[in-house]
């Protein structure tokens, strides 16, 4: 996804900065990572407080196959489908991602 589209997607949250990272892009708000763009898919940061909400909304958690062959779950989830065409709803999910990012930065 190009940077302008990413900035537009997060416009209701406020300004974001975008940095290249491990084959994708990290998306930051106020210096806190809130999402990644990996293989042209935006994945929002979640934690133990917000992951159940993402799961309930039908989002998928990012995982990859670890060295042992078992899946390794990462703290990023796809954007719920209903938020893709609704800027206000996207803002709600982006705020949850920001709050999770703030909490993980303090941990």
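What is the one condition in (1) closer than 20 Å to residue 104 by Cα; (2) out of contact with any helix residue (DSSP H, G or I) (no Cβ under 7 Å at 6 or more places or on another chain); (3) in a strand (DSSP E or B) that residue 34 does not satisfy?
Single failed check for residue 34: (2).
Considering region 37-47 alone, what residues qualify as being surrounded by fewer than 16 Cβ atoms within 10 Å (Cβ to Cβ) and either in contact with a helix residue (DSSP H, G or I) (Cβ under 9 Å, 6 or more places away or on another chain) or assigned to a strand (DSSP E or B) (or both)?
41, the sole residue that qualifies.
Tell me, yes or no, whether region 9-19 has at least one residue that is in contact with a strand residue (DSSP E or B) (Cβ under 7 Å, 6 or more places away or on another chain), surrounded by 18 or more Cβ atoms within 10 Å (Cβ to Cβ), touching a residue at least 24 places away in the same chain (Cβ under 8 Å) and over 15 Å from residue 100 (Cβ atoms).
Checked against the condition, which is being in contact with a strand residue (DSSP E or B) (Cβ under 7 Å, 6 or more places away or on another chain), surrounded by 18 or more Cβ atoms within 10 Å (Cβ to Cβ), touching a residue at least 24 places away in the same chain (Cβ under 8 Å) and over 15 Å from residue 100 (Cβ atoms), region 9-19 yields at least one hit.
Which of the residues belonging to region 20-41 are within 17 Å of residue 99 (Cα to Cα) and within 13 Å of the chain's Cα centre (by Cα)?
26, 27, 28, 29, 32, 33, 34, 35, 36
Determine whether region 62-73 contains at least one residue that is touching a strand residue (DSSP E or B) at 6+ places or on another chain (Cβ under 6 Å) and within 18 Å of residue 8 (Cα to Cα).
no
For region 20-31, how many residues meet the condition of being surrounded by 13 or more Cβ atoms within 10 Å (Cβ to Cβ) and in a strand (DSSP E or B)?
Selection size over region 20-31: 7.
Could you give me the residue pairs with C-beta distances under 6 Å whose first residue belongs to region 81-95 and is at positive phi and in contact (Cβ under 8 Å) with a residue 24 or more places away in the chain, whose second residue is buried (at least 17 other Cβ atoms within 10 Å of the Cβ) and part of a helix (DSSP H, G or I) wherever it lies, and which are 6+ apart or on separate chains?
Hits for this filter: zero, empty list.
Suppose we filter region 52-80 for residues that are assigned to a helix (DSSP H, G or I) and either crowded, with 17+ Cβ neighbours inside 10 Å or modelled with pLDDT under 95 (or both); how many remain?
Residues meeting the conditions: 1.
The values are calculated or read from the model by the stated rules, or taken from the named source; none is laboratory data. Quick caveat, the model's predicted, so the values are computed rather than measured. Here Cβ is always computed from backbone atoms with ideal geometry, including for glycine, and neighbour counts include all displayed protein chains.
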